[in-house]
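Asker: Quick one: this structure, given as structure tokens, is what I'll be asking you about.
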């Protein structure tokens with residue numbers, strides 16, 4: 001546990017002391033601020049459809065664009081930079097396992113990811129000050145953000161452990177995320193009920209729609225936990241393979 005915490009704190013400092021992190025934060029808040037302005041404008045329109053006020057914020061078009069862009073940016077250097085610089089050899093001679101290295105780095109990027117979303121809680125507070133807000137869908141929406149983001153960051157961690165090139169790691173992350181995203185959208189192309197149910201089970205869009213409505217299905221929580229663990233396991237195996245080359 002001490003080795004994981006040491007890796008976690010080292011990696012977290014690298015995030016918050018990096019200029020790129022603040023560029024990402026600026027871009028993130030600008031886009032989310034634009035999304036919030038659209039929500040406020042729609043709420044002031046009497047003809048706007050009824051529903052949770054933050055439903056557009058949780059799962060709208062810009063929401064998925066943000067995830068698709070920031071996931072590779074946050075994870076592309078996570079392990080690939082260690083492989084490129086050769087510092088991974090020094091790291092692996094320390095009394096620490098590949099799994100502990102991956103766990104520490106993943107927890108650091110997940111913490112930074114959560115910190116990006118933390119300021120957006122002010123949006124919910126602003127809405128609550130001016131209108132009635134059902135906090136159930138809001139809490140479920142942020143839980144969905146954490147679950148989906150955790151899975152995409154695990155995929156990015158795996159991609160970063162596969163190559164020394166940050167650019168390649170970013171493209172692999174985008175490709176895998178797009179594949180996962182598309183799988184959940186093509187269920188209507190199949191006639192088999194089992195296939196439809198399977199693809200629906202991995203539908204990120206469908207999951208986020210339910211989270212935004214305040215629906216928390218424990219089966220989906222299990223999916224995100226197990227899928228994230230699977231990609232982190234693959235990342236640790238990839239790192240172990242690089243260790244002996």
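Asker: The list (i) 17.4, 52; (ii) 19.2, 65; (iii) 18.3, 56 gives values of Rg and Dmax of the Cα atoms in Å, and only one came from this structure; which label was calculated from it?
Answerer: Checking each listed value against the structure points to (ii).
Asker: Using 0.36 nm per residue, how much length does the chain from residue 84 to residue 37 gain when fully extended, once their Cα-Cα distance is taken away? Can you show the working numbers first?
Answerer: Values: separation 47, 0.36 × 47 = 16.92 nm, distance 4.22 nm.
Result: 12.7 nm gained on full extension.
Asker: For helix 121-130, what angle does its Cα long axis make with the longest principal axis of the chain, in degrees from 0 to 90 and rounded to 10?
Answerer: Around 10 degrees separate the two axes.
Asker: Take peptides 11-23, 158-170 and line them up by average Cβ neighbours within 10 Å, highest first, as a rough protection proxy.
Answerer: Descending packing order for the listed peptides: 158-170, 11-23.
Asker: Another question about this same structure. Any idea what the relative contact order of the range 2-243 is, in percent, if you count C-alpha pairs under 8 Å spaced at least 6 apart?
Answerer: 29
Asker: So, one more: If I fit a long axis through the Cα atoms of helix 19-43 and take the longest principal axis of the Cα atoms of the chain, what angle between them do I get, 0 to 90°, rounded to 10?
Answerer: 10
Asker: What angle, in degrees between 0 and 90 and rounded to the nearest 10, separates the Cα long axis of helix 218-243 from the longest principal axis of the Cα atoms of the chain?
Answerer: Long axis of 218-243 versus the principal axis of the chain: about 20 degrees.
Asker: Going by average Cβ density within 10 Å per residue, which order do the peptides 213-221, 77-85, 198-206 take, highest to lowest?
Answerer: Per-residue Cβ counts within 10 Å, averaged per peptide and sorted highest first, yield 77-85, 198-206, 213-221.
Asker: Can you give the extra length, in nm with one decimal, that the chain gains between residue 143 and residue 226 once fully stretched, where that is 0.36 nm per residue apart less the Cα-Cα distance? Don't skip to the answer; put the middle values down first.
Answerer: Values: separation 83, 0.36 × 83 = 29.88 nm, distance 1.60 nm.
Result for the pair: 28.3 nm of gain on full extension.
None of the figures in this text is laboratory data; all of them are computed from the coordinates on show. All values reported here derive from a predicted model rather than from experimental measurement. Cβ coordinates were reconstructed from backbone atoms using ideal geometry, including for glycine residues, and neighbour counts include every protein chain displayed.
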